[in-house]
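The values are calculated or read from the model by the stated rules, or taken from the named source; none is laboratory data. All values reported here derive from a predicted model rather than from experimental measurement. Glycine gets a Cβ as well: all are built from the backbone with ideal geometry, and neighbour counts include every protein chain shown.
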Amino acid sequence: MTRDNKQNKRLVALFLFGCVLLNYPILSLFNLEIMIFGLPLLYVYIFSIWGSLIGLAAWVTMSYSRKRPDNSRISES
């Protein structure tokens with residue numbers, strides 16, 4: 001399994017995980033009349049999940065780009 005293939009699988013899994021977290025049955029659990037810092041709980045949940053997914057996607061792509069060998073240097077021999 002290549003690194004690109006592994007990264008793609010992790011990003012697809014992250015996408016599917018996000019779809020589950022931002023879909024109806026889970027969202028209905030947070031649709032309560034509770035306020036956090038003056039914001040409804042549902043909004044706080046949605047933006048927290050959204051930010052976390054962006055952070056995790058950045059982490060996955062950054063960790064693989066650091067491990068990838070630098071092929072930009074071509075030695076002239």
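Before moving on, here are some points about what is shown:
- Among the residues making up the stretch 18-32, those that are in contact with a helix residue (DSSP H, G or I) (Cβ under 8 Å, 6 or more places away or on another chain) and either within 12 Å of Val60 (Cβ to Cβ) or assigned to a loop (DSSP other than H, G, I, E, B) (or both) are Leu22, Phe30, Asn31, Leu32.
- When residues of the stretch 26-77 are limited to those that are exposed (fewer than 10 other Cβ atoms within 10 Å of the Cβ) and under 26 Å from Asn8 (Cα atoms), the one modelled with the highest pLDDT: Arg66
- Within the stretch 1-17, the set of residues being part of a helix (DSSP H, G or I) and of a type outside the set (A, V, I, L, M) comprises Arg3, Asp4, Asn5, Lys6, Gln7, Asn8, Lys9, Arg10, Phe15, Phe17.
- Qualifying positions in the stretch 28-68 - in contact (Cβ under 8 Å) with a residue 60 or more places away in the chain and not aromatic (Phe, Trp, Tyr): Lys67, Arg68
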